[in-house]
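Peer 1: The structure's right below; bear with me while I get my questions together.
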Amino acid sequence: MSLIGERGVRRILAVTAFSAISALLLIALFILNEGLPFIFRYGLHDFLLKSDWDPQAGKFGIYPMVAASLWVTFGAMVVGAPLGVAGAIFLSEFVPKSVMRVIKPTIELLAAIPSVVYGFIGVMVLAPLIRTQLGGPGLSLLAASIILGIMILPTVISISIDSIQAVPQSYREGSLALGATTWQTIHMVTVRAAKSGIIASIILGMGRAIGETMAVIMVAGNAVKIPHSALDSVRSLTANIALEMSYATGLHRQALFATGVILFVVIIILNSFAIVVLRKRVYKK
């Protein structure tokens, strides 16, 4: 009976795993099937590099949205990556373990806060502050970058903490025994040993930032134009899909799916790079 039970559990787990993988594969195939024909027909060069987005006139250039997505993601990394890594170093190296056991799960819980809550805070607090202090409409590239930078902090901090804590204690003891200070040990030994894991956390945070939708819709302003200032309103690729898919038909709908294909490829590249970096760290051990 125990053998039959074990086989049954294995089959259930296998079916569950296969179902999850199949669902992801079907989603990917559906997006590619809907978007690739439009890319081949319209031309990848024109689709990516033209600046005119006017579906009613048959113009589907997504360059302004591509530029906005890249700038918003870059701004989010400027805000979130240094704060996340610094927070991880402080929590791992300076905070007592008893306190750490409480703080780390709390930080990880922040990732469960709905993005609409971050967007609401951005609209009610951050955007008026930017409009009052710096000018512009308030709903801007800068506001979106700050909100996304805050949103990626749990990802960067959590994975960076795990990477730093995985560094053998003997590395630290050896450095201190040779006369290095605590900061020199952290900077020259601990962080360097955990470098690949920290880089992977930043890449995963970047993937989260470039794929975020609701918060960006709420705080970016959604103007289809190439940003020339951090105070300009912009529209990201994800926001464009979410805003227009409800009424899009024909070529317009296919163009939005093609935009999804571009995002899909970018996020796969980022996640694959993060996996390679993490595996490199494991092999080094």
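Peer 1: Checking residue 226 against (1) touching a Pro at 6+ places or on another chain (Cβ under 6 Å); (2) under 30 Å from residue 105 (Cβ atoms), which single condition isn't satisfied?
Peer 2: Of (1) touching a Pro at 6+ places or on another chain (Cβ under 6 Å); (2) under 30 Å from residue 105 (Cβ atoms), only one is false for residue 226: (2).
Peer 1: Report yes if residue 98 is of a type in the set (S, T, N, Q) and in the same structural domain as residue 207 (by TED's automatic domain parsing), otherwise no.
Peer 2: Yes, satisfied.
Peer 1: Looking for whichever is under 25 Å from the mean Cα position of the chain (by Cα), over 30 Å from residue 249 (Cα atoms), assigned to a helix (DSSP H, G or I) and in contact (Cβ under 8 Å) with a residue 24 or more places away in the chain here; the options are 75, 35. Which one fits?
Peer 2: Result: 75 is the single residue among 75, 35 that is under 25 Å from the mean Cα position of the chain (by Cα), over 30 Å from residue 249 (Cα atoms), assigned to a helix (DSSP H, G or I) and in contact (Cβ under 8 Å) with a residue 24 or more places away in the chain.
Peer 1: Provide a single number: the residues in segment 117-127 that are out of contact with any Pro (no Cβ under 9 Å at 6 or more places or on another chain) and surrounded by 13 or more Cβ atoms within 10 Å (Cβ to Cβ).
Peer 2: Qualifying residue count, segment 117-127: 7.
Peer 1: Still on this model: Checking the conditions here, which among 270, 243 is free of Cβ contacts under 8 Å to residues at least 60 places away in the same chain, part of a helix (DSSP H, G or I) and under 27 Å from residue 24 (Cβ atoms)?
Peer 2: 243
Peer 1: Taking residue 193, is it crowded, with 18+ Cβ neighbours inside 10 Å, of a type outside the set (Val, Ile, Thr) and within 30 Å of residue 123 (Cα to Cα)?
Peer 2: For residue 193, the condition - crowded, with 18+ Cβ neighbours inside 10 Å, of a type outside the set (Val, Ile, Thr) and within 30 Å of residue 123 (Cα to Cα) - is not met.
Peer 1: Just a yes or no: is a residue in segment 245-268 of a type in the set (Phe, Trp, Tyr), at pLDDT 90 or above and assigned by TED's automatic domain parsing to the domain that holds residue 140?
Peer 2: Yes, the conditions are met somewhere in segment 245-268.
Peer 1: Which helices (runs of 4 or more DSSP H) does segment 147-197 wholly contain that include 3 or more residues that are of a type outside the set (Ser, Thr, Tyr)?
Peer 2: 153-165, 169-177
Peer 1: Consider only pairs whose beta carbons are under 7 Å apart and that are at least six residues apart or on different chains; among these, list those whose first residue lies in segment 39-67 and is assigned to a loop (DSSP other than H, G, I, E, B) and whose second residue is surrounded by fewer than 17 Cβ atoms within 10 Å (Cβ to Cβ) and of a type in the set (Phe, Trp, Tyr).
Peer 2: Correct list of pairs: 50/63; 51/63.
Peer 1: Does residue 98 satisfy the criteria of being touching a Lys or Arg at 6+ places or on another chain (Cβ under 8 Å) and more than 14 Å from residue 217 (Cα to Cα)?
Peer 2: no
Peer 1: Among (1) surrounded by fewer than 21 Cβ atoms within 10 Å (Cβ to Cβ); (2) over 17 Å from the mean Cα position of the chain (by Cα); (3) not basic (Lys, Arg), where does residue 113 come up short?
Peer 2: With respect to (1) surrounded by fewer than 21 Cβ atoms within 10 Å (Cβ to Cβ); (2) over 17 Å from the mean Cα position of the chain (by Cα); (3) not basic (Lys, Arg), residue 113 is out only on (2).
Peer 1: Answer with yes or no whether residue 88 is crowded, with 21+ Cβ neighbours inside 10 Å, at pLDDT 90 or above and under 20 Å from the mean Cα position of the chain (by Cα).
Peer 2: Answer is yes for this residue.
The values are calculated or read from the model by the stated rules, or taken from the named source; none is laboratory data. All values derive from a computational prediction rather than experimental measurement. Using ideal geometry, Cβ is built from the backbone for each residue, glycine included, and neighbour counts are taken over all protein chains shown.
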